[in-house]
1. Which one is right for this structure if Kirkwood radius over Cα pairs in Å is calculated from it: (i) 25.2; (ii) 24.0; (iii) 23.3?
2. Rounded to whole Hz and in sequence order, give me ³J(HN,Hα) for the stretch 148-156 from the Karplus expression 6.51 cos²θ - 1.76 cosθ + 1.60, θ = phi - 60°, writing x for Gly and Pro.
3. Could you work out [θ]222 nm for the chain from helices alone, using -39500 (n - 2.57) per DSSP H run of at least four and dividing by all its residues? Round to the nearest 500 deg cm²/dmol.
4. Which distance in nm do the two modelled labels at Val144 and His61 give, with both placed 7 Å along the Cα-to-Cβ direction?
5. For Ile13 and Leu129, FRET efficiency with R0 = 30 Å and r from the beta-carbon atoms, rounded to 0.05?
6. Using only protein heavy atoms and a 1.4 Å probe, report how much of His63 is accessible, in Å² to the nearest 10.
7. Once you put a point 7 Å from the Cα of Asp464 and another 7 Å from the Cα of Phe441, both along the Cβ direction, what distance in nm separates them?
8. If Glu263, Glu287 are ordered by their accessible area, calculated over protein heavy atoms with a 1.4 Å probe, which sequence runs from highest to lowest?
Amino acid sequence: MLTATKILQNTPIFNRMFGVDEKDGLELEEINSWPALMIVTSFVWLAVAGLFGLAMPVIQHYHLGTGFFYTAMTAHGAALAFPFGFQIMVGVGLHRAAGCSGKPLSGWLPAAVYLSMNVGAALLTVAILLGFNVSLVLMYPLPVVGVATGQWSYSTLLLAFTGIAGVLIHMIVLYPILLLKLSFFGEKREDLLLNERSLDDPGMLGMVLAALVLLVMGTPILIVASYILTALYGIIPLDAVAWATKPVVFQFAFFIFAHNLMEAMALMVISGVYATMPLYLADGTRELYSKKIANAALWILLLTSFSSFLHHFFTMFPNLPATLIYHGNIMSWGTGIGSALSIFTILATAWKHGLKVRPGLTLAFAGFALYILDGASAVVTSNATWTFQLHGTMWQSGHTMTVILAMSMMWMGVLYHHYPVMTGRKLSDGLGNWSTILFVFGSVGAALVMLAGGADGMPRRHADWDQGGWMPWGDAIFFFGAIMAVGLVLYAVNLMKSQKIAVYTEGAMAPEPAE
């Protein structure tokens with residue numbers, strides 16, 4: 001029995017969401033155990049992020065203090081983006097990759113993938129609770145300035161940076177290496193092969209491209225951050241890393257990774273929709289309208305995303321020539337071409353073959369629609385003129401949170417399909433429909449309110465919404481956030497109330513075995 005299986009078996013709630021026992025437990029343990037543990041752990045982090053997210057407007061409404069607000073804001077963003085949003089993608093993605101390649105997820109590497117994210121995120125969360133309250137957009141040398149001004153201690157800074165190091169190692173090194181290992185190395189085992197797929201399949205191509213993006217585009221920030229952390233621990237003198245602490249150097253390395261992280265996640269989720277949608281076609285063909293168009297969309301998204309990060313440097317004159325800012329703007333518009341081809345492929349496939357509507361597929365499609373809305377908001381703020389007006393407002397927060405919610409929504413939809421294959425249990429379509437309706441309604445409402453608040457001038461990191469008359473926007477965010485929370489609770493209840501599938505039969509309500 002794998003370590004991950006033992007943890008699932010012996011942890012309350014975990015053992016109900018992904019049941020592990022002698023009668024109806026986890027199926028195909030070697031490809032499902034570690035992904036299942038990652039997925040349920042990501043839901044724990046989602047609960048943490050949700051509580052802090054709902055706390056923010058409450059703190060503002062009742063004037064409970066700026067310190068509480070900034071702590072809640074930082075903890076909410078960190079928990080939502082990394083140990084929830086990224087980890088659920090990793091869990092479902094690794095299950096897909098293992099099932100398509102017929103290779104086990106066992107040994108030290110999957111364990112390291114799990115521990116690096118969750119231990120790192122836990123250390124970072126403790127540091128945040130101790131006062132390390134910085135933006136997700138980490139502007140160096142702000143963390144060190146916080147020590148100099150007494151906002152947090154040096155030990156808290158070390159704790160936070162150590163946690164960040166664990167999260168970065170997970171995203172930039174360990175997960176990409178594991179995904180590439182499953183895709184290209186090791187021997188295939190027929191007993192683990194669910195549905196063999198090659199790289200000409202868009203569902204596999206997107207995963208591999210995303211892993212390569214993380215590995216290549218994350219290397220600069222990993223090098224810079226490693227030098228800084230080593231110096232902060234006193235192993236090498238701070239003078240030796242002066243080059244790495246220059247704002248221009250750090251910010252270029254940061255945005256090369258951070259922006260391409262979002263693009264890599266987009267490649268992954270689009271590939272997930274490409275892989276799952278054919279399994280629900282009404283005529284049983286299990287083929288996209290055109291693999292060539294789908295793959296072309298992925299390659300266009302890859303090529304245009306590499307340098308679109310430059311649109312973030314609108315305030316860095318004269319360090320950044322204006323030409324490069326406009327280049328970033330153009331590349332941002334270029335990603336829209338890849339998105340348009342993806343939209344065409346999905347709609348054309350549905351029109352040609354018809355769909356068997358299920359809650360998971362509906363949730364995945366809703367997430368894709370929210371992703372399109374987010375892309376439109378991103379194109380607006382990539383414009384060199386508009387960005388001066390909107391980049392520092394709630395519009396940018398809306399963009400960031402919307403892309404994380406859209407991608408998480410798509411992965412939760414794909415998980416709905418994979419769950420019976422991972423556990424031998426089926427979910428309730430009734431609960432699934434209600435959780436989807438509430439989650440989607442709350443997410444879209446919160447996204448539109450945050451964008452509207454930003455257009456109204458509501459600042460992005462501001463602890464007194466009453467000061468500018470922005471409290472109504474904050475109350476609306478709380479309203480839609482609460483609806484979203486109810487939908488997510490119903491999703492969790494559905495997992496906990498799942499029932500054993502006796503036998504897969506043609507036409508059964510449970511989806512066909514996943515890839």
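1. This structure yields the entry labelled (iii).
2. 4, 8, x, 6, 8, 7, 5, 5, 5
3. Values: 19 runs with 353 residues, N = 515.
Rounded to the nearest 500, it is -23500 deg cm²/dmol.
4. 4.2 nm
5. Once the sixth-power term is evaluated, E becomes 0.85.
6. 120 Å²
7. With each label placed 7 Å out from Cα toward Cβ, I get 3.7 nm.
8. I get Glu287, Glu263, largest accessible area first.
The values are calculated or read from the model by the stated rules, or taken from the named source; none is laboratory data. Only a predicted model underlies this, so the values are computations on that prediction, with no experimental measurement involved. Note that each Cβ is placed from the backbone with ideal geometry, even for glycine, and that neighbours are counted across all protein chains shown. Calculation scope for accessible area: heavy atoms of the full protein, side chains included, ligands and nucleic acids excluded. Shrake-Rupley method; radii C 1.70, N 1.55, O 1.52, S 1.80 Å.
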